[in-house]
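Heads up: the structure comes next, in structure tokens.
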Amino acid sequence: VTAPVRQMQLKSLIEAHVEKTGSSKGSAILKEWDTYLPLFWQLVPPSEEDTPEASAEFERTDASQVRLQSA
């Protein structure tokens, strides 16, 4: 997962999972986030691989400006 916005989305999903389930594995991932992050993969359909959201270059600005919305 190289795009910062996707990294934040992934972390938010894991945080929600830990909150709802009490997952010890999820807690361990969050505590050692920098170690575990490179172990996750972001799968992107070929038709979307050139979109800004799939690119590591997409979000180089202040992360506080990014807003994630759940469906």
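The values are calculated or read from the model by the stated rules, or taken from the named source; none is laboratory data. Keep in mind that this is a model prediction, so the values were computed, not measured. Glycine gets a Cβ as well: all are built from the backbone with ideal geometry, and neighbour counts include every protein chain shown. Surface accessibility is based on the protein's heavy atoms, side chains included, excluding ligands, DNA and RNA. Shrake-Rupley method; radii C 1.70, N 1.55, O 1.52, S 1.80 Å.
Observations on the structure shown:
- Condition met for Leu68 (at pLDDT 95 or above and either surrounded by 10 or more Cβ atoms within 10 Å (Cβ to Cβ) or aromatic (Phe, Trp, Tyr) (or both)): no
- The range 3-38, residues that are among the β-branched types (Val, Ile, Thr), open to solvent by 60 Å² or more (accessible area, probe 1.4 Å) and closer than 28 Å to Glu49 by Cβ: Thr35
- Residue count, the range 1-32 (criterion: closer than 24 Å to Val44 by Cβ and not in a helix (DSSP H, G or I)): 3
- Every pair of residues 6+ apart whose Cβ atoms lie under 6 Å, when the first sits in the range 31-50 and is over 18 Å from Ser12 (Cβ atoms) while the second is surrounded by 10 or more Cβ atoms within 10 Å (Cβ to Cβ): Val44/Ala54; Glu48/Ala54
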